[in-house]
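Enquirer: The structure follows.
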Amino acid sequence: MRSYNIISALPSNFKKVYKVESQGAVYILKEYESAEDAEKEMQIAGQIALTGYAPKVIDHQDNLVLYEYIEGENFCEVFRQATMTDDVESMELLATRLSIFLQIIYSFTDKVVKVIDFNNYVVKDGRVVGVDFLKIDEGMPYEDVASAIAFALMNSAGQYYDCYPFVYKLLSCFKLEMMDVINEVKARLKQRASQIGARSDIDIDMLVDGLVDFDKKGVDWRKLI
Ligand SMILES: Nc1ncnc2c1ncn2[C@@H]1O[C@H](COP(=O)(O)OP(=O)(O)O)[C@@H](O)[C@H]1O
Ligand SMILES: [Mg+2]
């Protein structure tokens, strides 16, 4: 691999991520804990990149992978801004775009995202582009819907219910009702609440009770296969 100048280190949790430069072009360099992790993410990103919904792999060596830099807005920031200003249209657009990204994942891999963190998506030219594929694994699409709903509730900039337009829209994109995912949402909320830095002002049992009144229909499992 050629040498690259580090411009900055980006906030990350599971690997080291740098914005780098070489011959006037900007890239993302990821340093993984192992060559296996590097191989896994590189494989998935490479597959999805064919659709324009993931960064292209430029170069790699051992536990280092160089990716295309996706210039755009951080999904989490756009989401927080929309909830802060009660911008229903933006919230609905984000939900629709996220669901399109997820459908691409399901069509091009036999896996699901598993843990949805809005910081792993860049909004670019009207698309939600994924940049972190390390947690992708076997599972069911409804798990992703539940994970996204839990993340939305915990990261709403105002009250947790300010993000309901996002939640409603995401469910409707998947032709699901809240009842179909409520147990999974609850499990994900509990998981997140126990993590460092999670907001502590939410009573999860009360929140879940509120969500149950969202709608009362049951699951149509055929829609999830
Ligand atoms: N190809 C890319 N283009 C633009 N930004 C990126 C790219 N890859 C990663 N990032 C940014 O770097 C952050 C950390 O990278 P990520 O792969 O998510 O690390 P971690 O697994 O530690 O969460 C992301 O949240 C995103 O903001
Ligand atoms: Mg990440």
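Derivation of every value follows stated rules applied to the coordinates shown; laboratory data play no part. Predicted model only: the values in this text are computed from it and were never measured. In this analysis, Cβ positions are derived from the backbone assuming ideal geometry, glycine residues included, and neighbour counts consider all displayed protein chains.
Enquirer: Around Ala9, with a cut-off of 15 angstrom between Cβ atoms, what is the net charge of the other residues, counting Lys and Arg +1 and Asp and Glu -1?
Expert: That sum, taken over residues with Cβ under 15 Å, equals +2.
Enquirer: Exposure proxy check: Met91, Met140 ranked by fewest other beta carbons within 10 Å?
Expert: Exposure proxy ranking, most exposed first: Met140, Met91.
Enquirer: Another question, then. Working out 0.36 nm times the residue gap between Lys111 and Gln159, then minus their Cα-Cα distance, what length gain in nm do you get to one decimal? Don't skip to the answer; put the middle values down first.
Expert: Details: separation 48, 0.36 × 48 = 17.28 nm, distance 3.27 nm.
That pair, Lys111 and Gln159, stretches by 14.0 nm at full extension.
Enquirer: For Glu33 paired with Ile196, estimate the spin-label separation in nm (one decimal), with each label point 7 Å from Cα along the Cα-to-Cβ line.
Expert: So the two model labels end up 1.4 nm from each other.
Enquirer: Please give the contour-minus-distance gain from Asp137 to Leu64: 0.36 nm per residue of separation, less the Cα-Cα distance, rounded to one decimal in nm.
Expert: Result for the pair: 24.1 nm of gain on full extension.
Enquirer: Continuing with this model, one more query. Placing unit charges on C-beta atoms (Lys and Arg positive, Asp and Glu negative, everything else neutral), compute the dipole magnitude of the chain about its Cα centre in debye, rounded to 20.
Expert: In debye, rounded to 20, the chain gives about 220.
Enquirer: Quick one: divide the alpha-carbon radius of gyration of the chain by 2.2 N^0.38 Å and tell me what you get.
Expert: 1.05
Enquirer: Checking the cross-link filter: which aspartates and glutamates have an alpha carbon closer than 13 Å to that of Lys16, excluding same-chain neighbours under 8 positions apart?
Expert: Glu31, Glu33, Asp37, Asp132
Enquirer: If I model a spin label at Lys19 and Ser3 as a point 7 Å from the Cα along the Cα→Cβ vector, what separation in nanometres do I get?
Expert: The answer from the label model is 2.3 nm.
Enquirer: I need the P(r) histogram for segment 110-198: all alpha carbon pairs, bin width 5 Å from 0 out to the longest distance, whole percents.
Expert: Per 5 Å bin, starting at 0, the Cα pair percentages come out as 3, 14, 22, 27, 23, 10, 2, 0.
Enquirer: Along its principal axes, what span do the Cα atoms of segment 10-127 show, with the longest given first and each in whole Å?
Expert: 45, 34, 24
Enquirer: Round to a whole angstrom and tell me the spacing of the C-alpha centers of segment 193-214 and segment 7-75.
Expert: 33 Å
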